[in-house]
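Report on one structure; see the data block that follows.
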Amino acid sequence: MKQPLKHKIILTGAAMMAAFFLGVNANAARMDMVDVSNNNGYMSTAEYVSMRNEFGVKALTVKISEGTTFKDGYAASNIKNGQAAGLYVNGYHFAHYTTKAQAIAEADYAGQTAKVAGLPVGAVLATDVEAEEQGNLSQATATMPPSCKRFRSLATVPIFIPQDHGPTIR
């Protein structure tokens with residue numbers, strides 16, 4: 001008995017969808033780098049080794065500081081334990097600045113805090129720009145050059161990360 005064209009199209013579509021869904025790996029997202037901060041609490045070397053061996057993590061971005069007063073209390077142990085696990089370690093500063101003077105002050109604070117925490121010279125020290133007071137992204141972007149210049153003088157590689165945008169190396 002001949003099947004109408006409609007049935008053939010439906011069967012072909014169902015077969016293609018089944019092939020697609022069976023061939024897709026649900027764990028397809030790569031986890032080359034993880035971001036850790038005080039929100040994660042203490043992370044042991046064994047936990048970093050597990051991330052490396054079980055999920056392919058190669059690098060770690062550690063929260064160093066925020067504004068001009070907050071030092072992440074776990075930064076030093078995260079840096080030390082991540083390095084001991086064989087991961088490439090970077091850092092980030094959660095920025096709140098809205099003026100050039102504040103940007104420079106935060107860059108100085110982040111650089112000094114990173115040094116004390118043990119962030120290696122030459123490591124990336126990113127600036128995470130997504131604080132509520134920076135809702136005017138153009139204002140935050142205008143303050144970027146002075147802070148990047150200051151980060152460079154502190155022997156770090158500045159990366160500006162505005163919310164909902166990709167990183168920009170300056």
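The values are calculated or read from the model by the stated rules, or taken from the named source; none is laboratory data. Not measured: the values here are computed from a predicted model. Backbone-built Cβ (ideal geometry, glycine too); neighbour counts: all protein chains shown. With ligands, DNA and RNA removed, areas are computed over all heavy atoms of the protein, side chains included. Shrake-Rupley method; radii C 1.70, N 1.55, O 1.52, S 1.80 Å.
Okay, here's what the table says:
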read-out	value
Failed item, numbered, when ASN81 is tested on (1) at pLDDT 95 or above; (2) loosely packed, with under 14 Cβ neighbours inside 10 Å; (3) not hydroxyl-bearing (Ser, Thr, Tyr)	(2)
Matching residues in region 95-122 - criterion: being within 15 Å of GLY73 (Cα to Cα) and open to solvent by 40 Å² or more (accessible area, probe 1.4 Å)	GLN112, LYS115, VAL116
